[in-house]
1. State all residues of the stretch 29-62 that are over 23 Å from residue 280 (Cα atoms), among the hydrophobic types (A, V, I, L, M, F, W, C) and under 28 Å from the mean Cα position of the chain (by Cα); if no residue qualifies, say none.
2. Residue 435 is checked against (1) surrounded by fewer than 21 Cβ atoms within 10 Å (Cβ to Cβ); (2) at pLDDT below 95 and fails just one. What number does that condition carry?
3. For the stretch 600-618, which residues satisfy the criterion of being closer than 16 Å to residue 580 by Cα, under 37 Å from the mean Cα position of the chain (by Cα) and assigned to a strand (DSSP E or B)?
4. Is it the case, given these coordinates, that residue 573 is without any contact (Cβ under 8 Å) to a residue 12 or more places away in the chain and not in a helix (DSSP H, G or I)?
5. From the list 618, 640, 646, 682, exactly one residue is among the aromatic types (Phe, Trp, Tyr) and open to solvent by less than 30 Å² (accessible area, probe 1.4 Å). Which is it?
6. How many of the residues making up the stretch 152-183 are open to solvent by 30 Å² or more (accessible area, probe 1.4 Å) and within 17 Å of residue 232 (Cα to Cα)?
7. Out of all the residues in the stretch 543-550, is one or more exposed (fewer than 14 other Cβ atoms within 10 Å of the Cβ), in a helix (DSSP H, G or I) and without any contact (Cβ under 8 Å) to a residue 40 or more places away in the chain?
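The values are calculated or read from the model by the stated rules, or taken from the named source; none is laboratory data. Worth saying up front: this structure is predicted, and the values here are computed from it rather than measured. As a convention, Cβ positions derive from the backbone with ideal geometry for all residues, glycine included, and neighbour counts pool all protein chains shown. For the accessible areas, the whole protein counts, side chains as well, though only heavy atoms, and no ligand, DNA or RNA atoms are used. Shrake-Rupley method; radii C 1.70, N 1.55, O 1.52, S 1.80 Å.
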Amino acid sequence: MCIINKIASSVLFLAVLFLPAAAREKRLVYQGHSPNLLVDRDGNFLMAHLNPSQGISLAVASSEAQNRGIEDIITGPSLSSPVIRQSRTGEIGIVWEQSDPSQDELYFALLREGKLIAPRKVAAAPPSIFSPDLAFDPQNVPWIAWAQCSGQKYFVFVKNLHSEKVWLVNRDFPVSAGTPKLIAGVDQKIWIFWVGQDRGRDEIFASVFEGFAWSKPYKLNSDSRIPHLSPSVELDGTGFPWIVWSAYDGHDYEIYGSHWNGKTWSKEEKITDNDGTDSSPALAFAYGAVPIVVWSQFSGKASSVAGKYRSGLNWSREIQIASSEGHFNKSPKIAVRDGRIGITWQSGDDIEFLSLSFQELGRLPSLSAKRSDYPPILNPALNDNQYTGFGDSITYAEEHGYLPKLEVMLSQKYGPSKVFNEGIGGEGTTDGLARMDIALANHPARYLMLMEGTNDIIFLEISMDTVTFNLEAMARKCLNYGAFPLLATIIPRNDWRWSLQIYKNRIFDLNAKIRSLTERIKIPLVDQFNAFYYYPASQGGWTSLLLPDGVHPNEKGFTFMAETWLSAIVPLPFPPAGLRLERIFDEVLFYRQPGNMLRWRNSPKLAAPDQVEGYRIYRKAQTGGAKKFELLVFLPRFIYLDLSEYQYFDIRIVQSSKYTYVISAVRKDGIEGPCSEVVNEYF
């Protein structure tokens with residue numbers, strides 16, 4: 001480890017775009033990543049962050065956002081995760097990670113006048129350490145927490161740097177663990193919170209140390225069926241801890257919270273409720289009594305930093321702090337001294353810092369993210385020869401990617417076809433889920449090809465269970481919209497992460513969950529991973545399909561990827577064609593049976609009719625009946641002798657009523673295709 005102390009010569013400038021007028025001229029922009037913020041006893045804001053050279057720098061700004069310099073405080077290979085905290089006496093400590101291919105190391109030092117004092121190694125292990133955090137107890141003793149992976153198990157450790165004692169706090173819940181957060185109350189309690197799993201999805205766990213041992217872990221959320229992520233903790237003016245986190249509410253991710261009253265934790269409270277995805281909350285207190293929460297929100301094409309504060313028992317309106325459409329605004333951090341607020345966040349490849357008063361915060365405009373009206377489940381407006389590719393940079397890839405190649409292949413096979421590109425570089429599944437509704441509405445495509453999760457692999461704080469949950473939520477949004485999703489596994493990678501078992505395990509784990517997901521909800525699996533992984537060695541093997549970065553396909557790889565998508569599209573149960581409806585009477589001797597005769601054919605795109613198990617016929621009354629289609633009957637294909645045209649006589653009708661029908665084909669593996677065109681009865 002090499003430690004230096006010098007003033008950076010550039011990189012700081014003022015900017016005013018995308019900010020409300022009240023916040024302009026109080027923003028600074030830095031180059032770098034992973035900011036962590038505090039306000040010192042003199043009212044200066046200190047921000048530790050990774051600089052473009054992958055060292056760790058410390059930026060100092062006044063309460064009025066005047067630049068007071070940037071100092072490079074640590075250099076060395078593979079530095080990450082800087083966290084700075086302040087003791088009650090004003091001492092500032094910093095913890096960070098340093099990695100090489102064989103070992104992860106965790107370091108701590110005090111920070112005085114831009115210099116590290118007595119740096120020390122806190123922990124070391126084969127590559128597996130992540131998400132460190134730091135807190136000072138009332139005696140100014142530093143405590144360090146971190147997550148660590150060993151095989152298929154995840155652990156949360158806490159270390160007291162005075163006694164050198166280390167505790168494992170999640171021994172009974174090793175399935176998943178990440179994002180530990182430490183806080184030391186004035187009542188001598190040391191609290192730790194983390195994201196973990198019991199029998200359900202990711203939950204918010206807590207444990208408290210009261211002088212001798214850690215309590216048995218318990219949960220702060222109520223519903224284990226949905227993911228709970230990204231906790232942030234802070235003490236109120238009485239020294240009691242508050243916590244906020246992000247969780248799925250059935251539509252998107254919202255912000256939730258709870259607080260300790262000296263005896264018990266409050267029931268979890270839903271803080272936000274809007275049409276965007278709210279994630280990565282951060283918490284602080286103004287005047288010791290007013291909690292302020294900031295978070296990142298993705299809604300449609302807009303990426304925002306938003307905020308709320310609580311007055312009495314009520315939370316304020318949702319406030320727009322910054323917004324843009326050109327890049328992501330994410331992972332905000334907040335620090336407050338009395339009524340002066342500092343907020344920093346990642347904005348593309350830059351870090352933005354904003355300083356404002358509590359009164360100025362209250363004057364910022366409201367966040368515009370109201371719930372939308374969604375189309376009905378059936379969407380006959382979608383075009384059967386149009387497709388959307390949805391994902392990250394592997395999908396985006398512009399004219400060099402698999403989508404243009406696939407469009408040519410589809411057009412050659414089915415006639416003129418269109419493939420739309422809804423890929424965004426660097427996107428994870430949480431952000432993908434946030435923009436799925438907009439992507440669906442952007443194009444009249446009946447089929448959506450979903451491949452995402454590669455970027456989630458590198459963030460150890462995100463469990464593969466949560467990534468799978470997000471993928472399922474995206475697939476269900478497609479189904480509810482009337483679009484038909486195909487879900488792909490993610491491809492292998494040949495970068496340095498592939499050599500580390502922890503990342504390789506995550507790739508295999510996610511792909512196993514994707515395969516299980518497609519089987520469970522009955523949508524087509526496109527196993528891009530196996531297609532790549534087992535690419536013939538005689539043709540160069542799977543590494544010959546990738547660019548030198550080891551992550552993105554090359555020209556050969558994109559062509560192969562397009563062929564793999566096509567191989568999954570060809571056997572789809574395409575919607576039946578030529579649906580016709582006629583009211584007739586079946587005359588048997590002296591009895592005339594009224595009914596509706598339906599006739600249809602297989603889609604001309606259907607490649608293997610013998611793989612169709614049968615047809616589902618849905619019906620609804622045009623007036624006075626159900627507003628949604630209901631399943632009328634399933635007809636096995638084997639009952640038909642004439643396979644050029646199929647028919648069904650519906651006798652379960654009220655003669656004075658009129659009906660509407662649609663039909664779908666069901667494959668032998670249980671996958672149901674999109675519905676036919678709607679046919680209405682007229683008489």
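1. none
2. The one condition residue 435 does not meet is (1).
3. So in the stretch 600-618, the residues closer than 16 Å to residue 580 by Cα come out as 600-603, 615-618.
Of the ones still in play, those that are also under 37 Å from the mean Cα position of the chain (by Cα) are 603, 615-618.
Within the stretch 600-618, 615, 616, 617, 618 meet the criteria.
4. Values: without any contact (Cβ under 8 Å) to a residue 12 or more places away in the chain: no; not in a helix (DSSP H, G or I): yes.
In short, no.
5. Numbers: 618 fails: open to solvent by less than 30 Å² (accessible area, probe 1.4 Å); 640 fails: open to solvent by less than 30 Å² (accessible area, probe 1.4 Å); 682 fails: open to solvent by less than 30 Å² (accessible area, probe 1.4 Å).
Among 618, 640, 646, 682, only 646 is among the aromatic types (Phe, Trp, Tyr) and open to solvent by less than 30 Å² (accessible area, probe 1.4 Å).
6. 1
7. No, there is no match, as no residue in the stretch 543-550 is exposed (fewer than 14 other Cβ atoms within 10 Å of the Cβ), in a helix (DSSP H, G or I) and without any contact (Cβ under 8 Å) to a residue 40 or more places away in the chain.
Conditions tested, residue by residue: (1) open to solvent by less than 10 Å² (accessible area, probe 1.4 Å); (2) of a type outside the set (Gly, Ala, Ser); (3) part of a loop (DSSP other than H, G, I, E, B).
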{"site": "42", "(1), (2), (3)": "no, yes, yes"}
{"site": "47", "(1), (2), (3)": "yes, yes, no"}
{"site": "53", "(1), (2), (3)": "no, no, yes"}
{"site": "59", "(1), (2), (3)": "yes, no, no"}
{"site": "68", "(1), (2), (3)": "no, yes, no"}
{"site": "74", "(1), (2), (3)": "yes, yes, no"}
{"site": "84", "(1), (2), (3)": "yes, yes, no"}
